[in-house]
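Some notes on the structure that comes next.
The values are calculated or read from the model by the stated rules, or taken from the named source; none is laboratory data. These figures come from a predicted structure and were not determined experimentally. Note: ideal-geometry Cβ built from the backbone for every residue, glycine included; neighbour counts use all protein chains shown.
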Amino acid sequence: MDLWSLLAQPFIDYGFMRRALAGALALAFAAGPLGVFLVLRRLSLMGDAMAHAILPGVAVGFLTAGLSMTAMTLGGMVTGVAVAVLAGLVSRMTPLREDASFAAFYLVSLGLGVLLVSLKGTNMDLIHVLFGTVLGLGDAALILVTVVSSVTLLALAALLRVLAMECLDPGFLRAEGRAGAWAHIGFLLLLVMNLVAGFQVLGTLMVVGIMMLPATAARFWVRPVGSQMVLAAVLGALASYAGLLVSYHADVPASPAIILGAGAIHFISVAFGPHGGILLAVREARARRARLLQSMKERSQ
Amino acid sequence: MMQERWSFLAGPARNRARATVARRRAVERFQQVFLRLAAGAVCAVALGVAAAPQVARAEGAAGDGRLPVVASFSILGDIVRQVGGDDVRLDVLVGPMRDAHTFEPTPKDARALGQARVLVVNGLGFESWMPRLVEAAGFKGRTIEASRGVQPRRLDDGEDGPEDHAHEDHAHEEAGGGAHADAGHGHDHDHGGVDPHAWQDLANGVIYARNIARGLADADPAHASAYQARAEAYVRKLRQADAEWRRKLDAIPAGRRVLATSHDAFGYFGAAYGIEVLSVVGLSSEAEPSARAMADLVARIRAHHVRALFLEQGGNARALRQVAAETGVKPGGALYADTLDLPGHEASTYLGMFRWNTEQLLQAFEAP
């Protein structure tokens, strides 16, 4: 088995592999940059909460219109945005912090979602919908993911300055007017959109992985926010490609393989990254001690 | 430290001078709340314990003379309805279009079972959740294992030589239901790896009907002859359908009778009617398939010249749709494996389900 057949042949032989790769790449391109912002704003766990928050909407969409993807997507968007806005309002109007507020709302929507799903008898297909099947991407799902990805990238390009400003100096933006609040809502919309599109591909639980892991990895390699976003997208794409290959050659489920690929990239970055990586920190500490010993020796002489 | 921790209970007691007072008050309030909660929980449990048997006794006594029967899932429910007629009051736990594998009993189910005098289960390890439910409901009546006497198949029998299985079953057919029933009478109760979907062979359906009739007659001797008569009439219908479908399927060349499906539920069906069943292992469960499993399936479908790819109700339909697109096999309609359809649909009875499944297959096999 030569390198070519190892790395490219599965995608040439099988249409479902090409579809899976296309869907996963599109998702990674948009989710990585969004993840960078979540990391910057210390909202890393919010993605997780939001992924559960869309469940009741998807369930309602499913219950009213069956396995129609439009209905489920719309439903997920509506509840996702509602939870985001309500949690934000509660955290602004009461002493409850934003993370606790999000936790409360997502737990409630999780319970509501499971209840709604169980209410109707035909719950069999929904399990597969909720867990997503990257290897079973139909035309409609593929189009949804690519459209969402394109919209997200364009919107990020337009909002980049405001968003970066809100992360780094929220006081300034607040003093300047309402732009910060609008940017925040726009960002939440993008987040919900990507989660809804992503759970068609990887499932509700896994989709957060392709959003956060490349982003946390990227911050160990480069400093500027823009570069981090590009790198996060590239690393996410790499993880998707590697995960699908591993799923093919090692006979393991595809979406966990993709997320574990991203996890491997994350831990490699934590260990070897030039910006705060463990190896670097150890080397610097050793150098400092050597200098200290050197200077002590010189003084004693 | 303590003050900060309990300040949300103690209210606006942020003054350092009042710290100790606030702390004591907060602890007291916490204790009160805790005690109240604990008392509430104890009351609730006591109420539940006291109430449950009373409810059961009260409603069990106020019956309308009909035998209260609980069937575990929809297909058994239909057979019980055919055999029991108006002499039984039937509750079905896993109703139409519900998945028996992922069934979670509700309190209503437990109450229905607690009031029942007869419970009809499939056996062969199909209702893994039943022992717990029986215990929880305090069911003390008679349990009918409908599959008792069926020749059990192992789940891994699927791929090798469906032909000899078919002959075996033909032989059993000719020997009659009684001989068939005796053949596997003392089968061991180690259900590991046993395929429970025995009802997918109509010859087994005959055994089911007779087992149920015998059990109902034992529980309700007053109506014994009615149960027997209805069961025999139903058995005649089952036999007739069995012969009809067998004739129609036999008319199709053996090489065309290849079926791939998402759920390992058609082993008995394939063995009985001479159909090669490609069990789509790895794609069958709720778990996500691997890319390797999908690729292998594509290769096998091409190698076996599969003509019918069926998305069973539930199952990993989206992945299979991609396999179908890949191999150019047209995905057939849905097959019913372990549930009936809702009333009003063709597959809302056991025989209707069988007619639907077989007609779907015939259509796919006969297609050019």
Problem set entry | Which numbered condition B:G332 misses (of (1) modelled with pLDDT under 80; (2) facing chain A (nearest Cβ under 10 Å)) | (2)
Exercise. Of all residues in region B:337-357, how many are over 19 Å from B:D264 (Cβ atoms) and either of a type in the set (D, E) or more than 14 Å from chain A (Cβ to nearest Cβ) (or both)?
Worked result: 8
Exercise. From the residues in region A:223-247 that are surrounded by 22 or more Cβ atoms within 10 Å (Cβ to Cβ) and hydroxyl-bearing (S, T, Y), which one is farthest from the other protein chains (Cβ to nearest Cβ)?
Worked result: A:S240
Seminar exercise, completed: Pairing a residue in region A:144-170 that is among the charged types (D, E, K, R) with any residue that is assigned to a helix (DSSP H, G or I), where Cβ atoms lie under 7 Å and the two sit 6 or more apart in sequence or on different chains, gives A:E166/A:L173; A:E166/A:G180; A:E166/A:A183; A:E166/A:H184
For this session: Filter region B:132-148 for residues that are of a type outside the set (S, T, N, Q) and in a loop (DSSP other than H, G, I, E, B) and give the result.
Result: B:G138, B:F139, B:K140, B:G141, B:A146, B:R148
Exercise. Which residues, counting only those in region B:76-125, are in contact (Cβ under 8 Å) with a residue 60 or more places away in the chain, of a type in the set (S, T, N, Q) and within 14 Å of another protein chain (Cβ to nearest Cβ)?
Worked result: B:T102
For this session: Considering only region B:266-289, state which residues are within 14 Å of chain A (Cβ to nearest Cβ) and either modelled with pLDDT of 85 or more or buried (at least 24 other Cβ atoms within 10 Å of the Cβ) (or both).
Result: B:V280, B:L283, B:E288, B:P289
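Looking at A:G186, is it on the phi < 0 side of the Ramachandran plot and modelled with pLDDT of 95 or more?
Here the answer is no, as A:G186 does not meet what is asked.
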Exercise. So which residues in region A:165-182 are surrounded by fewer than 16 Cβ atoms within 10 Å (Cβ to Cβ) and under 20 Å from A:V39 (Cα atoms)?
Worked result: A:L168, A:D169, A:P170, A:G171, A:A181, A:W182
Problem set entry | Single residue of A:F220, A:F199 found to be over 16 Å from A:V151 (Cα atoms) and within 14 Å of chain B (Cβ to nearest Cβ) | A:F199
For this session: Answer with yes or no whether A:V208 is at pLDDT below 95 and either touching a Ser or Thr at 6+ places or on another chain (Cβ under 6 Å) or within 22 Å of A:A49 (Cβ to Cβ) (or both).
Result: yes
Problem set entry | Checklist (1) more than 14 Å from chain A (Cβ to nearest Cβ); (2) under 21 Å from the mean Cα position of the chain (by Cα); (3) within 24 Å of B:M97 (Cα to Cα); (4) at pLDDT 75 or above applied to B:A308, failing item | (2)
Seminar exercise, completed: Pairing a residue in region B:144-156 that is acidic (D, E) with any residue that is not in a helix (DSSP H, G or I), where Cβ atoms lie under 6 Å and the two sit 6 or more apart in sequence or on different chains, gives B:E145/B:V121; B:E145/B:G123
Exercise. Being within 14 Å of chain B (Cβ to nearest Cβ) and on the phi > 0 side of the Ramachandran plot, is that true of even one residue in region A:248-267?
Worked result: yes
Problem set entry | Filtered residue count, region A:261-279, keeping only those that are assigned to a helix (DSSP H, G or I), surrounded by fewer than 18 Cβ atoms within 10 Å (Cβ to Cβ) and not β-branched (V, I, T) | 6
Exercise. Quick one: what pairs do we get from region A:1-27, first residue within 12 Å of chain B (Cβ to nearest Cβ), second outside any helix (DSSP H, G or I) and buried (at least 19 other Cβ atoms within 10 Å of the Cβ), C-beta under 8 Å, 6+ apart or different chains?
Worked result: A:F16/A:L137; A:R19/A:L137; A:A20/A:L137; A:G23/A:L137; A:A24/A:L202
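Listed here are the residues, each with its yes/no results for (1) at pLDDT 85 or above; (2) outside any strand (DSSP E or B).
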{"residue": "B:V92", "(1), (2)": "yes, no"}
{"residue": "B:P105", "(1), (2)": "no, yes"}
{"residue": "B:V150", "(1), (2)": "yes, yes"}
{"residue": "B:H191", "(1), (2)": "no, yes"}
